[in-house]
Structure formats: structure tokens, C-alpha cells
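All remarks here apply to the structure that follows.
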Amino acid sequence: MSAKNKVVLFYPPYEGPPLGAPLSLLCLASPLLQAGFEVKLVDNLLHPDYEKTILQETDDALCLGISVLTGPHIGAAVRVSRAVKKLRPELPIVFGGWHASLATHQTLREPFVDAVVRGQGELTLLELVQRMAEDESWHGVRGLSFKASDGTIIHEPERPVADINTLPPPAYQLADPAIYASASGVRQLAYTSSVGCPYQCNYCTDQVFYRRRFNAYRVERVVEELTEFVPRYRIEHVPLFDSNFLVDRKRAVAIAKGIVSSGIRFRWDFQTSTDFLALMSEEDVRLLAESGVHHIGFGTESASQEVLTMMNKRFQHVEQMYETARKTCLAGIHIVFNIILGYPGESETQRQQTFRTMSEIAREYPNVSFSPNIFTPYPGIPIWPQLKQMGVREPQSLEEWETLALGRNVLPWLQDEELRTLRRSLEYFLLNNQIRKVTKKIPWANRGIRRLLGAPVRWRIGKNRYSFPWELWLSRAIESVVTKRSLLTGQPLPQRTQQVC
Ligand code: B12
Ligand code: SF4
């Protein structure tokens, strides 16, 4: 039996606005703490010199666990793992999270990774750490993949997704909201009231992770936990990380009612699909707003019904974008429609149709923002076989996935002039929206002036002509007004980030 009982959990830095303490690690920590283990949480906001902290903290640890998403997360995860392995070759390093779960074998081929926890991690990590503490073999831990002593990679059978009502609440006591608030300006704590989505969109891995099972906390638990931790930590904003919050609309409305009658005030937001919101009554959408919902993100993806069908989004109809915009506008909720352009099989006509619908909605509904992005193939998405046939090369290592810059061109059907034109039209579309929004705020700018200022930009969009883009140069020179927004928070994203989750 080992004398050690400390687990170090690391959340690597990411691009985009800070969203508070990493919920994944708080969820993983909770059962470990209950079982008597000590947990040290490390991230760049709590520990700007995180590599040094990890090297110190792992001195007396049982293992180091690292959460990894595809993209920039990987860089710091690799760097820290290499440094730890060099100093403490015997310390097990366990990767988990979406990237490691979706590219397990490839991740385990790296010499610095000893094990990967696939999918939902609470119970698998607890069982693994208990085995480590008891010096027992790792064979038979469901949901685990690991390297045996001879280096062979072993994949244990899948662990069924646990009913989240049986799991303890996240270990919020490990996160100091004040420290995260100094980075984001808001006292916020993320929360998940459900996991999983029943749909099977071709570009999304939720179905791989949660097996299409919507698995949700009971209404009472959500209301009780939110109205307990909000005043306790003086929280102003709760981003909900559910995959698709409105799957059970009755539950969503009951949660909103519960929050209203508790009298506890805070802002919250969530992500969902337009088919669900469009079915809600105006009164229920108003109730969401009354309970504090100020922002909703939608994975709308396209305004062409044919493209939606190619994406396996037959459940969604273009008119629902308008209905959603209308109801949320009445309720005073700001929304973001996330759009994917350049999807395999999308024609120029279908793309233009999406641009036209976006422009129409933007003109009519001031509460709507758009986050249009170029299709980026993430690991494990169901259409990979089709993509490979179309000539897309799948990254072969962790480091290659790190540099898969979101929206960068890896798509054989979207090259050279066509790609340049698409990028320009995205920029002009966002610029046009920005001009509309900014001029609306200027009291003397009447309709005529607004139209005049936006005229050259609209001409280009209409004619699809983008050579000598002086309007973009000018706007960048004055100040970068082209703002991409996070689907989760509505906050501006850094220029380099192209896609929002
Ligand atoms: C919030 C969020 C983010 C936030 C997280 C910030 C924060 N402070 O927590 C940020 C902004 C970082 C983010 C960024 C991106 N995201 Co995101 N994000 C999410 C979202 C909505 C919720 C994640 C979450 O916290 N869930 C709640 C926790 C409890 O669950 P969890 O994170 O999955 O953790 C569990 C398991 O994964 C596992 N686990 C996780 N870490 C570890 C570590 C160890 C050691 C172990 C053992 C287990 C384990 O156990 C946990 C408990 O069960 C998910 C969608 C979803 N429904 O989950 C997308 C999602 C994870 N994101 C996605 C994408 C595409 C991105 C981006 C690539 C997109 C972009 N905008 O560029 C970037 C990548 C950023 C980077 N690499 O730098 C994809 C998955 C992509 C992938 N292959 O990694 C998802 C699934 C959305 C989707 N349906 O497509 N995201
Ligand atoms: S994209 Fe959204 S609606 Fe589609 S499967 Fe993923 S979470 Fe569900």
C-alpha cells in the first residue's frame, strides 16, 4: 500500500474568455475528496507559474491527471508531462477529457502518457486512484486505457455513463471565485444540470461521449444547488455547460420557476438547439429571462435545409431560427447563432443562402449575434470516414492536433481563391453587423446615414467581390471592430480563435 494520497489535477491554459474554475476538475475532485484523498487543483489562473507548481506538488503525489481538449490545450499538457516525466519517471500521468477520450490510442502512444480515462471520469478516476493507493493492478478498471509494464496498450471495456444524480456536486470549495473574477471581471462558477444530447449531428462527438442519453439532475437538485452556492460564493453569473439544456423543456421551465421563487438573483446562460426553443411559448421564454437567463447559444450551423440534412440535423428547420430570434427578442435575451461554413458537400448557392438568412435576421432582430466559422474536423466526429475519402488528412499525433488551428484550411474542397473569398465574406458580414449595431447607438445616425455607411460593405456582400478590401483595413486601423463572440458567453473571442464550442 502506498503512503501517498495526493492527486494533482491540471487544467491547461486555453484561448478565449475565462469561464471560471474548470468544472471538469471540480467534478473529478469531489468523489476523490469524499474517499479521503487530497486533491491539488492547478491551472494558469490560480498558478501563473503552473509548471513549477506541478513539479513541486507532484513530489508526494500518487499521480498527475490532465484534462485535454483538442487545440491549444495540448501544448501545455505535453510540455508539463515531459517535464514531470523527466523529473519523476515513476509518477503515473493520466490524461482525460474530450481529446484524450476521442483519440485514446494515439494519445497513449506518447511516451509521457501512462493512462487515459475515457468519457465521464468521476468513477473511473476514483477506482484507478484507489488501485494506485493499494498498489494494485490497473487491469479491469472499466473506461480505462493504459500501458502495461511491457508497453502494450490495453483498452478495458467501456464504463456505462453514470446517472449524474448519483454523483456528488462539484467540489466548488477548491475554486476561489475571486481569483477567477480578477481574470474575467465577473464572479462566475460554471454548472452542469445535464449531460448528453439525443441528437446525432455528423460533426459532433456528444453521441460518442454520452451515447445520446440525456441524463439530467432533478429540478429540485438544480434549484437547491444553484440557490445555495450563488449567495455562498457571491456569484453573479452561472454559465451552464449542458450539451443541450432545453431537451426537457418542462424541466427547464420548472428550474426557471424555482429560481424566480427562491428570490436569489443571478445571470445564467446555456446552449441549446432552435427546434426546442421555437416550441416554447412566449410566456415560458419570458420566464427564462425573468429567472436571469440573459444569453443563449445555438448550434444553428446553416440556413440551408439541404446542408442541415447533410449534417444529420433533420430535426432542425430554418424557420425555427426566425421563431427563436422573435421569441428571445420579445423576452430581451441576447442570442448567438453558431454557423458552420464550408461543410463537405455545401454548394456556393447554399452558402449564399445562409449568408442571406443571417443578414435578414441580423437586420430584423437586434438581440441576435452570429458566430460564423469554417468547418473544422475534430477527432472522433462521425463523418471522418467520408472526410478521409474526400482527401482530408487526419492528424497523427497529439502535437499535430494542437496545431490544427481552428478554421485553418485543411479541407481539399475549400482551397485558394474560394477559401480567400469565404474568409473575406465572413469578415465583411461581421463588419456590416458591427456597423449596424454601432450606428444604432449613435443618436444622430438616422436610417439614411446608417444605410450610407454600410452601403459599400453591403455591395461587396451582394456581389461577392472582395478585392482591395479597404473597408476592412480602415476598420482595423481605427480599432478592431470585427468581433467574434463566444457561443457560451457572448463575450468577444481573441482574433485567432475561429470556432466556438
Ligand atoms: C465549457 C467548454 C469549454 C471551455 C472550458 C473552460 C472551463 N473553464 O471549464 C473552453 C472555453 C476551454 C472550451 C474550449 C474549446 N472547446 Co469546448 N466545451 C465546453 C463544454 C460546453 C463543456 C465542458 C465542461 O466543462 N463540461 C462539464 C464537465 C464536468 O465535463 P467534461 O469537461 O467533459 O469533463 C468530464 C470528462 O471529460 C472527464 N475528464 C475531463 N478532464 C479530465 C481529466 C482527467 C485526468 C480525467 C481522469 C478525466 C477527465 O471527466 C469529467 C467529469 O465527468 C463542452 C460541451 C459539453 N457538453 O461538455 C465543449 C466541448 C468540450 N468543446 C469542444 C470544442 C470543439 C472546443 C474548442 C476546440 C473550440 C474552440 N472554440 O476553439 C475549444 C478548445 C480550446 C483549447 N484547446 O484551448 C468540443 C470537443 C472538442 C474536443 N475534441 O476536444 C465540445 C465537446 C463541444 C462539442 N459538442 O463539440 N470549451
Ligand atoms: S451539435 Fe448540438 S444538437 Fe447536434 S448532437 Fe451535438 S449537442 Fe446535440
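In table form, for the structure just shown:
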read-out: ³J(HN,Hα), Karplus 6.51/-1.76/1.60, whole Hz, each residue of the range 368-379, x for Gly, Pro; value: 9, 10, 10, 10, x, 9, 8, 3, 10, x, 8, x
read-out: ³J(HN,Hα) computed for each position of the range 257-271 - Karplus, 6.51 cos²θ - 1.76 cosθ + 1.60, integer Hz, glycine/proline x; value: 4, x, 5, 4, 6, 6, x, 7, 9, 6, 9, 9, 9, 7, 10
read-out: Gained length - residue 290 relative to residue 413, 0.36 nm times residue gap less alpha-carbon distance; value: 39.7 nm
read-out: Linear extension gain, residue 131 paired with residue 364, 0.36 nm per residue minus alpha-carbon span; value: 78.0 nm
read-out: Förster-model FRET efficiency, 25 Å R0, residue 403 and residue 158, C-beta, rounded to 0.05; value: 0.25
read-out: Electrostatic dipole magnitude of the chain [Cβ: Lys, Arg +1; Asp, Glu -1; Cα centre; debye, to 20]; value: 1960 debye
read-out: For residue 241, distant residues with modelled amide H under 5 Å away; value: 191, 192, 193
read-out: Per-q log10 I(q)/I(0), the range 194-316, q = 0.12, 0.17, 0.21 Å⁻¹ (Debye; single scatterer per alpha-carbon; no solvent); value: -0.47, -0.89, -1.22
read-out: Amide H within-cut-off set for residue 339, under 5 Å, with H built and near neighbours excluded; value: 301, 371, 373
read-out: Kirkwood hydrodynamic radius (C-alpha pairs) into Stokes-Einstein, the range 38-134, 20 °C and 1.002 mPa s, D in µm²/s; value: 157 µm²/s
read-out: 222 nm mean residue ellipticity, helices alone, for the chain (DSSP H n ≥ 4; -39,500 (n - 2.57); rounded to 500); value: -12500 deg cm²/dmol
read-out: Label zone at residue 4 (point 7 Å along Cα-to-Cβ), backbone N below 20 Å, the range 97-132; value: 111-117, 124-132
read-out: Estimated inter-spin distance, residue 438 and residue 182, nm [label 7 Å along Cα→Cβ]; value: 3.4 nm
read-out: Sequence-distant residues sharing a close amide H with residue 293 (under 5 Å, placed H); value: 268
read-out: 13 Å reach of a label modelled at residue 35, 7 Å along Cα-to-Cβ, counting backbone N of the range 89-126; value: 121-126
read-out: In nm, spacing of pseudo-spin labels at residue 79 and residue 384 (7 Å Cα→C-beta vector); value: 2.7 nm
read-out: Extension gain, residue 306 back to residue 213 (0.36 nm per residue minus Cα-Cα distance, nm); value: 30.8 nm
read-out: Pair-distance profile P(r), taking every C-alpha pair of the range 335-426, with 10 angstrom steps and integer %; value: 14, 43, 31, 11, 1
read-out: Hydrodynamic radius (Kirkwood) for the chain, which is based on Cα pairs only, to one decimal in Å; value: 24.1 Å
read-out: Dipole of the chain [Lys/Arg +1, Asp/Glu -1 at C-beta], most positive-end residue of 191, 371, 87; value: 371
read-out: Over 16 Å [Cα-Cα, the range 144-192], rounded percent; value: 66 percent
read-out: For peptides 268-275, 64-71, 12-19, 343-350, sequence by mean Cβ density within 10 Å, most packed first; value: 64-71, 268-275, 12-19, 343-350
read-out: DSSP bridge orientation in the chain - percent antiparallel, rounded to nearest 5; value: 20 percent
read-out: Protection proxy ranking of 199-205, 149-155 - average other beta-carbon atoms within 10 Å, highest first; value: 199-205, 149-155
read-out: Calculated FRET efficiency for the pair residue 261/residue 109, C-beta based, R₀ 41 Å, to 0.05; value: 0.15
read-out: Approximate spin-label separation residue 465-residue 352, in nm, with each point projected 7 Å along Cα-to-Cβ; value: 1.5 nm
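Taken together, the values in this text are just the output of simple stated rules run on the coordinates, not laboratory data. The model shown is predicted, which means the values in this text are computed figures rather than measured ones. Note that each Cβ is placed from the backbone with ideal geometry, even for glycine, and that neighbours are counted across all protein chains shown.
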